Amino acid sequence: MRRIKSEQIADVMNNLEMMHPEAACALDHRSRFELLVAVVLSAQTTDVSVNKVTPALFERYPDPESLAKADPAEVAEIIKTIGLYKNKSQNIVKMAGKLLDDYDGEVPGDFDKLTALPGVGRKTANVILAEAFGEPAIAVDTHVFRVSNRIGLTDAKDPNKTEEQLRKRLPKEQWIRAHHLLIFHGRKICHARKPDCGACELKDICLFKDKTL
């Protein structure tokens, strides 16, 4: 695999911004706690699907105290339309309990503390740090992984390496914005099965024609 030249990265970011000025977190939330729960629920599920179940979930369990006391089976009934709902229901109940036990019910703004929570992996922790705390972070989901490697921003074979390369190639002040722009580009233009290259302002820079992704 090859990567685009460093001097082309600014053009990539400018074009992504032009194509997707509305790019932002698509998960509905009113607090750090709600964001954390929503991001955990979004694994292998669309944000649209998560936004359909969280209003009823947060009405029933508006804070860590109430969720920690919940019966996972009742939580599962509320979120049963999303993928892996049984496992996720157990995780968010345990997660709420750990928030109470270890952090006085507050969502921690520390990567290691976040990843110690049930159901929270590297991607989720980075989303929380970026969205809830404004800390420079790049969360690599399937869209970010696919699009970054197609364009040639990265040439990595796994999400962790992709994150590492993006952190090295992009200015720190662009990390959060890049996450949103790459996700929106993946959702709207650079689709997994059939990217709409004709509608893409990156077609003269992108290395997709040389890729197998």
What about Asn160, is it surrounded by fewer than 22 Cβ atoms within 10 Å (Cβ to Cβ), modelled with pLDDT of 95 or more and over 21 Å from Leu27 (Cα atoms)?
yes
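Being touching a Leu at 6+ places or on another chain (Cβ under 9 Å), surrounded by fewer than 20 Cβ atoms within 10 Å (Cβ to Cβ), in the same structural domain as Pro64 (by TED's automatic domain parsing) and not basic (Lys, Arg): is that true of Gly105 here?
Values: touching a Leu at 6+ places or on another chain (Cβ under 9 Å): yes; surrounded by fewer than 20 Cβ atoms within 10 Å (Cβ to Cβ): yes; in the same structural domain as Pro64 (by TED's automatic domain parsing): yes; not basic (Lys, Arg): yes.
Yes: the conditions hold for Gly105.
In region 165-183, is there at least one residue being over 22 Å from Val39 (Cβ atoms) and among the hydrophobic types (A, V, I, L, M, F, W, C)?
Step one: list which residues in region 165-183 are over 22 Å from Val39 (Cβ atoms), which gives 165, 168-169, 171, 173.
Subset that is among the hydrophobic types (A, V, I, L, M, F, W, C): none.
No: region 165-183 contains no residue that is over 22 Å from Val39 (Cβ atoms) and among the hydrophobic types (A, V, I, L, M, F, W, C).
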Hey, Ala68 small (Gly, Ala, Ser) and within 22 Å of Lys113 (Cβ to Cβ) or not
yes
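Just to be sure I understand, how many residues within region 166-207 are part of a helix (DSSP H, G or I) and surrounded by fewer than 19 Cβ atoms within 10 Å (Cβ to Cβ)?
Narrowing region 166-207 to residues part of a helix (DSSP H, G or I): 166-169, 172-188, 197-199.
Filter once more, so that each one left must be surrounded by fewer than 19 Cβ atoms within 10 Å (Cβ to Cβ): 167-169, 172-174, 177, 187-188, 197-199.
Going through region 166-207 one residue at a time, the tally reaches 12.
Yes/no per residue for (1) of a type in the set (Ser, Thr, Tyr); (2) modelled with pLDDT of 95 or more:
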{"residue": "Thr45", "(1), (2)": "yes, no"}
{"residue": "Asn51", "(1), (2)": "no, yes"}
{"residue": "Glu77", "(1), (2)": "no, yes"}
{"residue": "Thr81", "(1), (2)": "yes, yes"}
{"residue": "Met95", "(1), (2)": "no, yes"}
{"residue": "Gly105", "(1), (2)": "no, yes"}
{"residue": "Thr124", "(1), (2)": "yes, yes"}
{"residue": "Val127", "(1), (2)": "no, yes"}
{"residue": "Val147", "(1), (2)": "no, yes"}
Let me confirm something: among Ser66, Ser148, Ser89, Ser42, which residue is surrounded by fewer than 15 Cβ atoms within 10 Å (Cβ to Cβ) and small (Gly, Ala, Ser)?
Ser66
Does region 1-25 hold any residues that are surrounded by fewer than 17 Cβ atoms within 10 Å (Cβ to Cβ) and assigned to a loop (DSSP other than H, G, I, E, B), and which are they?
Met1, Arg2, Lys5, Pro21, Glu22, Ala24
Assuming Pro108 fulfils every condition listed in (1) assigned to a helix (DSSP H, G or I); (2) under 18 Å from the mean Cα position of the chain (by Cα); (3) more than 14 Å from Val40 (Cβ to Cβ) apart from one, which condition is it?
(1)
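One residue is enough: does region 42-53 have a residue meeting the conditions of a type in the set (S, T, N, Q), under 22 Å from Lys123 (Cβ atoms), in a loop (DSSP other than H, G, I, E, B) and without any contact (Cβ under 8 Å) to a residue 12 or more places away in the chain?
Step one: list which residues in region 42-53 are of a type in the set (S, T, N, Q), which gives 42, 44-46, 49, 51.
Checking the rest, the ones that are also under 22 Å from Lys123 (Cβ atoms) come to 42, 44-46, 49, 51.
Next, from what is left, pick out any that are in a loop (DSSP other than H, G, I, E, B): 42, 44-46.
Filter once more, so that each one left must be without any contact (Cβ under 8 Å) to a residue 12 or more places away in the chain: 46.
The answer is yes, given that some residue of region 42-53 is of a type in the set (S, T, N, Q), under 22 Å from Lys123 (Cβ atoms), in a loop (DSSP other than H, G, I, E, B) and without any contact (Cβ under 8 Å) to a residue 12 or more places away in the chain.
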Given the conditions (1) in a loop (DSSP other than H, G, I, E, B); (2) more than 29 Å from Gly97 (Cβ to Cβ); (3) within 18 Å of the chain's Cα centre (by Cα), and given that Val120 satisfies all but one, which numbered condition is not satisfied?
(2)
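The values are calculated or read from the model by the stated rules, or taken from the named source; none is laboratory data. What you see is a predicted model, and the numbers here were worked out from it, not measured in a lab. Cβ: placed from backbone, ideal geometry, glycine included. Neighbour counts: every protein chain shown.
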